[in-house]
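Some notes on the structure that comes next.
The values are calculated or read from the model by the stated rules, or taken from the named source; none is laboratory data. If you're wondering where the values come from, they're calculated on a predicted model, not measured in any experiment. Please note: Cβ atoms are built from the backbone with ideal geometry, for glycine as well, and neighbour counts cover all protein chains shown. Keep in mind that these areas ignore ligands, DNA and RNA; they rest on the heavy atoms of the full protein, side chains included. Shrake-Rupley method; radii C 1.70, N 1.55, O 1.52, S 1.80 Å.
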Amino acid sequence: MAAAEKQISLEALRNMQVMIANFCRVEDGTLLQDINLRQYGFDSGELVSNVTVQELCTVHPSVRSLDLTYCKLVTDVGLWAVAKHCFSIQKLVLLGCEKITNVGIRHLSLKCSSLIYLDLSSCYLVDDLSLTIIAGGAWKLQELYLRECDRITDNGVCRIADGQGD
């Protein structure tokens, strides 16, 4: 029994080390403003899911930048958590989050008015309606990345260029 308790203790210690390394400043232990959940997933050996995003956003609503590159389990539910808690987020990288749809983008457009950088590259469900939502959002986007979003046509791009969400 003692060996099993020691193993659990070592695993708990490892998990704590990974969390501290990815979410806290070494100097003073305060929470980082720029979070890379992809890196956390690599370091922890766990897949980043909506639950991970929800827990982070609930505990740390003042996150400024969030990288979810290729976190393929993250869906609109994860974006809802970002929109609900992280009003001051400025940069959001969703590169390769294949399950993101117009619903999640709509949540962001209504609540995340500080967002200036959004990367939706390789989000294959993003389409012209997504761009209409983005064009009509409350934010002031300065950078928008849409590489490999094959469902976007010239009509969607025109919506963005015109800034028309209607």
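Just checking, how many residues over segment 28-40 are touching a Cys at 6+ places or on another chain (Cβ under 8 Å) and modelled with pLDDT under 95?
First, pick out the residues of segment 28-40 that are touching a Cys at 6+ places or on another chain (Cβ under 8 Å): 30-32, 37-38.
Keeping just the survivors that are modelled with pLDDT under 95 gives 30-32.
Residues flagged as touching a Cys at 6+ places or on another chain (Cβ under 8 Å) and modelled with pLDDT under 95 within segment 28-40 amount to 3.
Pick out, from segment 100-166, the helices (runs of 4 or more DSSP H) lying fully within it that include 3 or more residues that are under 16 Å from the mean Cα position of the chain (by Cα) and buried (at least 16 other Cβ atoms within 10 Å of the Cβ). Spell out how you get there, then give the answer.
Working: elements: 102-111, 128-135, 154-162.
In segment 100-166, 102-111 are the helices (runs of 4 or more DSSP H) which contain 3 or more residues that are under 16 Å from the mean Cα position of the chain (by Cα) and buried (at least 16 other Cβ atoms within 10 Å of the Cβ).
Quickly run through segment 1-18 and pick out the residues that are modelled with pLDDT of 75 or more and either open to solvent by less than 100 Å² (accessible area, probe 1.4 Å) or basic (K, R) (or both).
Restricting attention to segment 1-18, the residues satisfying the condition of being modelled with pLDDT of 75 or more are 10, 13-18.
Matches in segment 1-18: L10, L13, R14, N15, V18.
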message: Report every pair of residues separated by at least 6 positions or lying on different chains whose Cβ atoms are under 6 Å apart, first residue within segment 99-115 and closer than 23 Å to S62 by Cβ and of a type in the set (V, I, T), second open to solvent by 10 Å² or more (accessible area, probe 1.4 Å) and part of a helix (DSSP H, G or I).
response: I105/I133
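A quick yes/no check of all residues on (1) part of a helix (DSSP H, G or I); (2) open to solvent by less than 30 Å² (accessible area, probe 1.4 Å); (3) β-branched (V, I, T); (4) more than 23 Å from L131 (Cβ to Cβ):
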site: V51; (1), (2), (3), (4): yes, no, yes, yes
site: Q54; (1), (2), (3), (4): yes, no, no, yes
site: T58; (1), (2), (3), (4): yes, no, yes, yes
site: L66; (1), (2), (3), (4): no, yes, no, no
site: Y70; (1), (2), (3), (4): no, no, no, no
site: G78; (1), (2), (3), (4): yes, yes, no, no
site: I89; (1), (2), (3), (4): no, yes, yes, no
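So that you can scan it fast, the table gives a plain yes or no per residue for (1) of a type in the set (A, V, I, L, M); (2) touching a helix residue (DSSP H, G or I) at 6+ places or on another chain (Cβ under 9 Å); (3) under 17 Å from C71 (Cβ atoms):
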residue	(1), (2), (3)
V82	yes, yes, yes
I89	yes, yes, yes
N102	no, yes, no
S114	no, no, no
L125	yes, yes, yes
I133	yes, yes, no
W139	no, yes, no
query: Just to be sure, is L37 within 10 Å of the chain's Cα centre (by Cα) and hydrophobic (A, V, I, L, M, F, W, C)?
result: yes
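Go through segment 25-40 and give me each residue that's under 23 Å from L94 (Cα atoms) and out of contact with any Leu (no Cβ under 6 Å at 6 or more places or on another chain). Lay out the reasoning, then the answer.
Filtering segment 25-40 for residues under 23 Å from L94 (Cα atoms) gives 31-40.
Those that are under 23 Å from L94 (Cα atoms) and out of contact with any Leu (no Cβ under 6 Å at 6 or more places or on another chain): L31, L32, Q33, D34, N36, R38, Q39, Y40.
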Residue ID - nearest to G78 (Cα to Cα), chosen from residues in segment 26-49 that are open to solvent by 40 Å² or more (accessible area, probe 1.4 Å) and of a type in the set (V, I, T): T30
- prompt: Only one of (1) open to solvent by 80 Å² or more (accessible area, probe 1.4 Å); (2) assigned to a helix (DSSP H, G or I); (3) of a type in the set (A, V, I, L, M, F, W, C) is not met by A21, so which one is it?
  reply: (1)
